[in-house]
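Data first, discussion second: the structure below is written as structure tokens.
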Amino acid sequence: MEDTDRRKWIDKILEILQYFINLCEENNLTYFIAYGSAIGAARHHGFIPWDDDVDVVMPRPDYERFIDICKQIDLGKYEIVTPQNTVGYYLPFTKLCDKTTTLLEKRHYHCVLGMFIDIFVIDGMKNVPTEIESTGKQYDKFCRMLDLANSYYSLYDLFHLYLFNKRIRIVLQYLQYSLNRKKYTKIAIEGIERIVKRYDYNECEYTVKYPRGYGNREVYPKAWLEGKTMMSFEKLKVALPGDYKRWLNQFFGDYTQLPPIEQQHFEHSYAYYNLDKRESLEEVFHKLNQS
């Protein structure tokens, strides 16, 4: 991505984040900027120099209120994207997207989005190792089903991406789920919902965020989230948990130190983007096939 596009990209993300923060503050909803974005706030007071997206988390009760509010108001140029409301959406979490932009993450997903921030939910959890491991495996199974049921791989892709890597089980699952995408998407969504709502957030002393990108480190005391610490993030003010230092150390160790130079690179790549207007899936693939 060229520097001019990166600056425009960052500005678009900040606009979405500002809209989200305003909505939360107007409705007394709790949110925290999270993961790499939280490190950016704490260490750089903005984006990590090699990062280009924003993650936020919300406790389950606040998230449910947030979704209800978004259904009742005009979001203007923004939209909420979830597996429940968007055909072809392949991820188990929510995005707040800019409808005036275009983004296709991977060619094998036939779902055009806009520029976005990711919204994850913090759910209640029991601090029981066997339960943590069991629910994590179940969740991962349904996530894989959701992904494969909404993927479109060619035979060439299957051979080179899966068979070459000895992932025959995944190939067979893809062939099964792709025969009835609607059915398996529904099964996956219902399975994910059962798992994340297994425990009442208000009655638990521990929490978990799904997907568990950091494994068992995603389980920690809810007390760490009490209160909030406001920090600068580029031109915005964002909220981190009251005990944000312990929270970040849980995931990253000493987050105040820069990683080795070889790890300082962008992790995200996109098949196609247009920062100026929304294009249809057909338009996007026409351009991709012409390039």
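Which is farthest toward the positive dipole end of the chain among VAL208, LEU175, GLY88, measuring Cα position about the Cα centre, with Cβ charges +1 (Lys, Arg) and -1 (Asp, Glu)?
LEU175
Within 10 Å of each residue's Cβ, count the other Cβ atoms and sort SER269, SER151, SER178, SER134 from fewest upward.
In increasing order of surrounding Cβ atoms, one gets SER269, SER134, SER178, SER151.
Could you give the dipole magnitude of segment 141-252 about its Cα centre, charging the beta-carbon of Lys and Arg +1 and that of Asp and Glu -1, in debye to the nearest 20?
Its charge dipole is roughly 300 debye.
By its C-alpha gyration tensor, with a ≥ b ≥ c as the square roots of the eigenvalues, how is segment 141-288 shaped: rounded for a/c under 1.5, else prolate for a/b larger than b/c, else oblate?
prolate
What relative contact order, as a whole-number percentage, does segment 100-200 give when Cα pairs under 8 Å and 6 or more residues apart are counted?
Result for segment 100-200 is 34 percent.
Might you report the magnitude of the Cβ-based charge dipole of segment 1-134 about its Cα centre, with Lys and Arg at +1 and Asp and Glu at -1, to the nearest 20 debye?
180
In segment 127-198, what is the count of Lys pairs whose alpha carbons are under 18 Å apart, counting only pairs at least 8 residues apart or on separate chains?
For segment 127-198, qualifying lysine pairs total 6.
Going through the cross-link list LYS8/LYS77; LYS12/LYS106; LYS71/LYS222, which pairs have a Cα-Cα distance over 23 Å in this structure?
LYS71/LYS222
For a test of the definition: using alpha carbon positions, the gyration tensor, and the 1.5 limit on a/c, classify segment 127-198 as rounded, prolate or oblate.
Oblate is the answer for segment 127-198, as a/c is 1.5 or above yet b/c matches or exceeds a/b.
Let me know the shape class of segment 1-121, please: from the alpha-carbon gyration tensor, a ≥ b ≥ c as square roots of the eigenvalues, rounded when a/c is under 1.5, otherwise prolate if a/b is greater than b/c, or oblate.
oblate
Using +1 at the Cβ of each Lys and Arg and -1 at the Cβ of each Asp and Glu in segment 127-198, identify which of VAL128, ILE187, LEU158 lies farthest towards the dipole's positive end.
ILE187
No value in this document is a laboratory result; all are computed from the given coordinates. Predicted model only: the values in this text are computed from it and were never measured. Glycine gets a Cβ as well: all are built from the backbone with ideal geometry, and neighbour counts include every protein chain shown.
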